[in-house]
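The values are calculated or read from the model by the stated rules, or taken from the named source; none is laboratory data. Predicted model only: the values in this text are computed from it and were never measured. Every residue, glycine among them, receives a Cβ derived from its backbone with ideal geometry; neighbour counts consider all protein chains shown.
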Amino acid sequence: MAENEPMTETGRIPLQRAGRIFRHFVFMMIGALLAVPYIVVFIWATQLAAVSAANAAVAFTVLVLLLAVPAALSATRALERTAVGELLGVKLAEPAGPATRQRRIRGAVWYLVHLMAGGLTLVAIAFAAPLIVAVLILPMLGNADSASELAAAIVPFTDGTTAALWSLGLGTGVIIFTILTGIALPHWATLLLGPSAAEHQALEEEQARLEAKRNELARELHDSVGHALTVTTLQATAAEALLGRDPDGAVRAMRAVADTGRSALAELDRVIGLLRSPGEYRDSSAGLSQLPGYLDRMEEQGLHVVRRFDSQMLADVPAGASEPAFKILQEGLTNALKYAAPREALLHLDSINGFLRVRLENPVAEPAGETASRAGGRGLAGMQERARLAGGSTRSQLNGGRWILSAEIPLKEPAR
């Protein structure tokens, strides 16, 4: 490989694997260091037991306290989670809320697992590996009797050869079990330090709530800022065209730009309120009761809308259907203002069999490619999502040179 040649993916994999094995080993060695004080206290307690049962009881009580207190601490669990993430490569989601009793118990069990894995590592390094080396190497060096004596000390009540074989098997078994323990640690960490089934469900529900709020924010931004920018662009273009031949018309267009800008600022304040709101947000100012005024503004901006609905009906539509219907019509009317040729639209509104039915159509004169792009835009997706959340549906299609948007929303709010 050339000096400056980058390492290939194939060459990088063994290094990554070696690094992962080393980090697992470091984690188990931390457990070994943590286990040393407990091993010392245990040996001390067993020695006291040979002298006095009372002293042994005190020593074992000290051992239990030394084990129980750190295991129950929240700081210990936090440190273990950090070590698991950095050394074992396990990313654990943190459950919301204060630590529960079940979470503390699972954390304490993991602490014991870490200690036992560390103690096993200590035995493998300090006992099993030297034992295997001694039993294998000493006979090669002409010290077969020393190897037999060492093996007999480990496995008494048998002959030297059998004891050596048992010692080799025992040492190898300890090392293999230690390796398997290291491999299993990430699984146990996820089980004991990760969220429980109930906590996992709560996390999923919280993520779903945040995702729904982000989607709501995206829809509100599109409805407010996106619509305002569309109207502003159209009116500014009209003002430029009218400036030389119809100054009064240009002034009216610029006034419309200013009015739209002020409305957009108010809408932006409302959307920021949505972002800061901790709970579910419902815009009580947006509903079909605002539709006549909105249609009047559309007329001022150059879109003539033929109205086929009873204005008295609008106030009777429940908020669960009124709000999404108004937002859907906002999007549809803005699209009509942008694409209709001539600038006119026909709006039907009625309620039949417990459903609010909306139909908006306008003539179009645009190439097929632009129509396809319009059909796949975020605005139409937002309308479909609004209707779906209200338990309804929307359809949009180009039929005979007319763009038709229809929506059907139940007058009763869907069960949540």
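Residues in segment 152-173: is at least one touching a Gly at 6+ places or on another chain (Cβ under 9 Å) and more than 30 Å from L115 (Cβ to Cβ)? Yes, segment 152-173 contains at least one residue that is touching a Gly at 6+ places or on another chain (Cβ under 9 Å) and more than 30 Å from L115 (Cβ to Cβ).
Which one is modelled with the highest pLDDT, of the residues in segment 396-416 that are part of a loop (DSSP other than H, G, I, E, B) and charged (D, E, K, R)?
If we take residues in segment 396-416 being part of a loop (DSSP other than H, G, I, E, B) and charged (D, E, K, R), then K412 is modelled with the highest pLDDT.
Test A198 against the stated conditions and say whether it is among the hydrophobic types (A, V, I, L, M, F, W, C) and without any contact (Cβ under 8 Å) to a residue 24 or more places away in the chain. When the stated conditions are applied, A198 passes them. Can you tell me which residue in segment 82-119 is surrounded by the fewest Cβ atoms within 10 Å (Cβ to Cβ), limited to those that are over 13 Å from L191 (Cβ atoms) and of a type in the set (K, R)? Once the filter is applied, the top-ranked residue is R101. Scanning segment 261-306 for residues that are within 30 Å of H348 (Cβ to Cβ) and basic (K, R), which turns out modelled with the highest pLDDT? Looking at residues that are within 30 Å of H348 (Cβ to Cβ) and basic (K, R), I get R297.
Scanning segment 63-105 for residues that are in a loop (DSSP other than H, G, I, E, B) and farther than 19 Å from E206 by Cβ yields L73, G89, V90. Checking each residue in segment 170-206 for being in a helix (DSSP H, G or I) and among the small types (G, A, S) picks out G171, G173, G182, A184, A189, A197, A198, A202. Before we move on, is I137 surrounded by 14 or more Cβ atoms within 10 Å (Cβ to Cβ), without any contact (Cβ under 8 Å) to a residue 60 or more places away in the chain and among the aliphatic types (A, V, I, L, M)? Here the answer is no, as I137 does not meet what is asked.
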